[in-house]
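The values are calculated or read from the model by the stated rules, or taken from the named source; none is laboratory data. Bear in mind that the values here come from a model prediction, so they are computed numbers and not experimental data. FYI the Cβ positions are ideal-geometry reconstructions off the backbone, even for glycines, and counts take in every protein chain you see.
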Amino acid sequence: MSGPRVLFAIDSEAERAALAGILPGADFAEALFPLTIAEVEALVGTDAADVIVTDFRFHSGAFADWLVLWPLPVVLLVDPSDKAERIERTLRDESSLFLVRDGEGHYLELLPGLVRKVRNVRESLSRQNAHLVMTEHQYLNLLQAIPDIVYTLDAEGCFLYLNDSVRNLGFEPEKLIGKHFSEIIHPADVPKVSRTSVLKQLKGVCTGDEKAPKLFDERRAGERMTRNLELRLRQNTGPDGYLYASVNAYGEVSCAGWQLPEYENLNLGTVGIIRDITVRKEHELELEKALAAKEVLLKEIHHRVKNNLQVVSSLLSLQENVVDDEAARRVFIECQTQIQSMAMVHEVLYRSANFEGVEMQAYFERLVDYLSTVYDAGYRGILCEVAAGEVILNLDDAIPVALIVNELVSNAFKHAFPASRTGKVRIEMSQTESERRLRVSDDGVGFAASRLAKLSEPGLGSELIQALAAQLRASLERVESEGSSTVLVFPRRD
């Protein structure tokens, strides 16, 4: 690197001569000695110098007072009598330095080193500034290439910057600068994302990171910053046009967009990104509509199946009234209860909020109420208890379980409490991660004393229970101890 080109703006002829005397050993590329400010201006205008050396005496200090306007670093020669405030005010350029004159002229020995230093500092700063300018251009070009809307807001929620993607809404970026963020938001969504509205509702509430309010002009960073806030953006192409958008807002930045020392104690602004999710949102809405339509259809199907089964049950009831044989009448009644038990499964599904399965607690309660009416259980002093918790069965399992419980409870009402004996029938159902357990018990006379046949003995009821248990892949066990109990354990199939 060649030596610096130095412009000496000094009034004193003796000092100029002394400076000229140090030049041979100073390794300066060139030394210039203008006598007027006009000459200085001409030399600086032609880029003839790298460093200015001057003092408060040159043209009575007029030149020094305007050094801040000159584009070159300065070595200011000062006298011990010069005030520190004036020196500090004059050397605003961070690459400039001052050197105190001494009576013996030793300061001239230090001057070449200081000149080289300020030139090197200025060149280093110039390289850094050039890199920053290039980086800024790359950053701005990147922002303009992003299809998402990138914005910066001041502390009041007004736009400081918008990239060109906002034109997709029909707005010109420069026309939105200084306007409030609500300018581009659908009017109905503004109260949901406005700081003044949302924070007023949450006053005194402990929100934490997960429940932190989602705001368009969020000021917080870290886990509490706004992420994936969905709102509608107003299109400037018509009175009713709008787009669905997702906003990520990064808070706690200065209004200039950066955390810089010079912005300390100033109000904080926001920088954020808005992504168009209209296509995704429209698909979601279409799926929601399709799901709602299918739920209506499923409800209608379950309702019609229930009605059709009840029609069949009613037909059997009509036929029962014209049959004189008691055994035949009992068969009709059993068929009716079996059909009703299946109809109730569809009724519970029809009345439920979703179609994930049949809530067995509600189902068993309806079933025992019906069977109690059919067999006059309440009048005979027979109570029923149900404990199925939150067990939910799919339709494939609910139907055979319903028929099994119908058969077991009906048999208990018919045979476990002869004469005027009172008692209790209990239905319990529980589940683990792998299996479900059904238990139907009573405190009646027990299997041996009742008219029930053992499982191993032939009979329509026993065969039906065994067939349904096989369908469920269930183990079946009957226990007799102060009454009777039937236990089914079958694998869980959600």
Options D369, D397, D376: the member that is crowded, with 21+ Cβ neighbours inside 10 Å, at pLDDT 85 or above and acidic (D, E): D397
Restricting to the range 417-438, and then to whatever is outside any strand (DSSP E or B) and under 22 Å from A469 (Cα atoms), can you tell me which residue is nearest to the chain's Cα centre (by Cα)? E433
So which residues in the range 477-494 are surrounded by fewer than 19 Cβ atoms within 10 Å (Cβ to Cβ), closer than 14 Å to V405 by Cα and at pLDDT 90 or above, if there are any at all? V487, V489
Can you say whether W70 is touching a strand residue (DSSP E or B) at 6+ places or on another chain (Cβ under 8 Å), farther than 26 Å from D102 by Cβ and modelled with pLDDT under 90, as far as the supplied structure shows? yes
Test: P80 is more than 54 Å from the chain's Cα centre (by Cα) and either part of a loop (DSSP other than H, G, I, E, B) or in the same structural domain as E183 (by TED's automatic domain parsing) (or both): yes
Got at least one residue in the range 104-121 being touching a Cys at 6+ places or on another chain (Cβ under 8 Å) and small (G, A, S)? no
Which one of G389, G378, G423, G357 is in the same structural domain as A467 (by TED's automatic domain parsing) and within 17 Å of A343 (Cα to Cα)? G357
Members of the range 130-169 found to be modelled with pLDDT under 85, surrounded by 11 or more Cβ atoms within 10 Å (Cβ to Cβ) and small (G, A, S), listed by number: A155, G157
Filter result (closer than 21 Å to Y107 by Cβ, in a helix (DSSP H, G or I) and not aliphatic (A, V, I, L, M)) within the range 19-57: G21, P24, G25
Being closer than 16 Å to D27 by Cβ and touching a residue at least 24 places away in the same chain (Cβ under 8 Å): is that true of V115 here? yes
Taking the options A327, A343, name whichever one is assigned by TED's automatic domain parsing to the domain that holds S410, surrounded by 14 or more Cβ atoms within 10 Å (Cβ to Cβ) and more than 15 Å from A412 (Cα to Cα). A343
Take K192 and tell me if it is among the basic types (K, R) and either exposed (fewer than 13 other Cβ atoms within 10 Å of the Cβ) or modelled with pLDDT of 85 or more (or both). no
In the range 145-168, what residues are in a helix (DSSP H, G or I), under 14 Å from R234 (Cβ atoms) and under 24 Å from the mean Cα position of the chain (by Cα)? V166
